[in-house]
Amino acid sequence: MSDHVGLRPAEDDVLPPPDWGRRGPAAPGTRAAWAFAVLAAGLVAGRVWVAPTVGARALDAWATIFVAVCVQALPFLVFGVAVSAAITAFVPPSVWRRVLPHRPGAAVPVAGAMGAVLPGCECASVPVAGGLMARGVAPAAALTFLLAAPAINPIVLVATAVAFPGKPEMVVGRFVASLLVAVLAGWAWLLLGKGEWIRVPSRPHADGTAGRLEAFRQDMRHDLMHAGGFLVVGAAAAAAINVVVPAGWVTAVAGNPVASVLLLALLAVLMSICSEADAFVAASLTQFSTTARLAFLVVGPIVDLKLIALQAGFFGRRFAVRFIPLTFCLAVGVSAVIGGLL
């Protein structure tokens with residue numbers, strides 16, 4: 001009898017059986033090579049078919065808008081990522097259990113009111129909401145905070161008051177409409193949303209000062225690299241839309257009450273202006289009604305191209321295709337109602 005009977009051979013000595021009908025996941029190097037190949041093909045196609053039809057003025061406009069969107073959003077994105085990492089690393093879950101009501105339905109409006117105290121734009125609110133979910137906050141409450149924070153914080157309200165001097169109704173209307181949309185969206189997700197529709201970000205639990213500092217560093221690096229890529233994609237799309245849409249189309253429908261509201265709501269999505277600066281753009285659209293400009297101010301911080309990219313990156317595409325149409329319809333409808341009362 002062999003001396004090795006009853007002994008388990010070492011793992012290094014055992015070769016797995018060949019499986020010719022199944023392929024394993026692609027190695028990181030293979031994925032990078034394919035990504036580079038796709039990028040190179042896109043650049044070649046753009047040089048051959050797109051570049052000859054694009055004038056220098058349009059290209060300059062695209063570059064200017066792209067850089068402006070990135071420069072506007074990047075500081076707030078870094079701020080939001082830092083806050084999110086600090087929440088997950090240093091704030092115990094028990095804090096949120098004390099601050100927020102135990103019932104998710106009651107936690108939704110409280111989370112919406114919390115958005116009034118955190119300065120930042122929509123880029124900052126996405127990672128913060130992800131950090132709240134990672135610490136056990138109900139997704140409906142975290143999503144309410146995500147929508148409310150970039151629209152009703154003090155910086156945005158002050159900027160709106162400066163952009164519309166002598167028109168306090170615009171400030172009040174923006175605050176009421178944005179908060180109402182955030183709360184309604186949170187309640188709607190609480191009633192209709194399913195757990196498998198949203199990917200809740202996970203964070204490892206760290207103990208001790210050194211462990212918490214390391215967790216903060218790793219979380220911030222991961223989220224900044226992750227969200228930064230989606231920000232660049234959203235900014236590039238917004239710049240392209242701003243260049244492609246003719247200005248004459250905008251002024252042609254300004255006199256139609258319904259079409260003007262829908263047009264400015266759509267432009268708010270496509271232009272992707274930071275919430276701290278969109279009031280000055282809205283104030284310049286003097287040919288549009290107050291209701292249409294209010295829709296521009298309410299929709300922009302809730303739904304735009306860079307925010308769509310960030311939400312899909314953080315919470316998954318299944319979440320984005322359901323939550324974004326919901327918030328857009330709510331924002332347009334509430335803006336029309338509140339604007340009619342101003």
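The values are calculated or read from the model by the stated rules, or taken from the named source; none is laboratory data. On a predicted model such as this, the values are computed, not experimentally measured, just so you know. Side chains are part of the model used for accessible areas, which takes the heavy atoms of the whole protein and leaves out ligands, DNA and RNA. Shrake-Rupley method; radii C 1.70, N 1.55, O 1.52, S 1.80 Å.
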Handout entry: Most to least accessible of Thr290, Thr64 (protein chains only, probe 1.4 Å)
Key = Thr64, Thr290
Fill in the blank from the handout: Here the range 104-115 yields Karplus 3J(HN,Hα) values (6.51, -1.76, 1.60; θ = phi - 60°; whole Hz; Gly and Pro given as x) of x, x, 7, 6, 4, x, 5, 5, x, 5, 5, x
Practice task
Would you mind classifying the range 254-296 by shape? Square roots of the alpha carbon gyration tensor eigenvalues, ordered a ≥ b ≥ c; an a/c under 1.5 is rounded, otherwise it is prolate if a/b is larger than b/c and oblate if not.
Solution key: oblate
Practice task
Could you calculate the contour length gain from Arg212 to Ala240, that is, 0.36 nm times the residue separation minus the distance between their Cα atoms, to one decimal place in nm?
Solution key: 5.9 nm
Handout entry: Per residue value of the accessible surface for the range 290-333 (all protein chains in place, 1.4 Å probe), Å²
Key = 27 Å²
Problem - Gain on full stretching of the segment that runs from Ala252 to Val158 - 0.36 nm per residue minus C-alpha separation - result: 30.7 nm
Fill in the blank from the handout: For the range 182-188, in residue order, the Karplus 3J(HN,Hα) values (coefficients 6.51, -1.76, 1.60; θ = phi - 60°; whole Hz; Gly and Pro = x) are 4, 5, 4, 5, x, 5, 4
Exercise for the section: Enumerate the amide H contacts of Ala138 below 5 Å, restricted to partners 5 or more residues apart or on another chain; note that Pro and chain-start residues carry no placed amide H. Expected result: none
